[in-house]
Amino acid sequence: KRRIRGDGARGGAVDDDLAGKEGSEAGESAGKEAGGEGAGVIEAACAVELQHSPFALTTGLYKGQLIVDPDAEEEALMEAVVSVVMTEEGQLAGVFKPGGTVEASESTLMHCIAAAKLHYPACARAMEEAFGTE
């Protein structure tokens, strides 16, 4: 199990503090706005227990070619964008196609899933190095 803070970071002092304050100060600060009045950003002061660490990898079609992990500029040019969510065990957790100018065929979706499975280990390692473990 992993603990995720409201800001998306894992572990750390916030988790330690919250562990002993279930339902007290943590609950009171869950609705506190960050950045002053009217900022619209909610600070979550609670930890979420996750059984898995899902990871989404975006792929896209550009002129018939499958592009893996496009940046924002590349993604804007894609004819179809598909995000594939995998668990650390390599299990498919979800597929999301937010838009694009062409339909993603079953074959295209299968290629996107295969690319995500292939690239998952390197992406997971990079995330682990960036955010560490408990």
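Scanning the stretch 102-118 for residues that are assigned to a helix (DSSP H, G or I), closer than 20 Å to E75 by Cβ and not hydrophobic (A, V, I, L, M, F, W, C) gives T108, H111. Residues in the stretch 48-73 that are in contact (Cβ under 8 Å) with a residue 12 or more places away in the chain and over 20 Å from Y120 (Cα atoms): 4 in all. In the stretch 79-105, the residues that are under 26 Å from K63 (Cβ atoms) and of a type in the set (D, E, K, R) form Cβ pairs under 8 Å with partners that are modelled with pLDDT under 90 and part of a loop (DSSP other than H, G, I, E, B), at six or more places apart or across chains, as follows: E79/T101; E79/V102; K97/A104. The residues of the stretch 99-134 that are open to solvent by 50 Å² or more (accessible area, probe 1.4 Å), among the hydrophobic types (A, V, I, L, M, F, W, C) and at pLDDT below 90, listed by number, are V102, A122, A126, M127, A130, F131. Among the residues of the stretch 40-61 satisfying the criterion of being modelled with pLDDT under 70 and among the small types (G, A, S), which is least open to solvent (accessible area, probe 1.4 Å)? Looking at residues that are modelled with pLDDT under 70 and among the small types (G, A, S), I get A45.
The values are calculated or read from the model by the stated rules, or taken from the named source; none is laboratory data. From a predicted model like this one, the values you see are computed outputs, not experimental measurements. Counting neighbours? That spans all protein chains shown, and the Cβs are built from the backbone with ideal geometry, glycine included. In case anyone asks, the SASA skips ligands and DNA or RNA and just uses the protein heavy atoms, side chains included. Shrake-Rupley method; radii C 1.70, N 1.55, O 1.52, S 1.80 Å.
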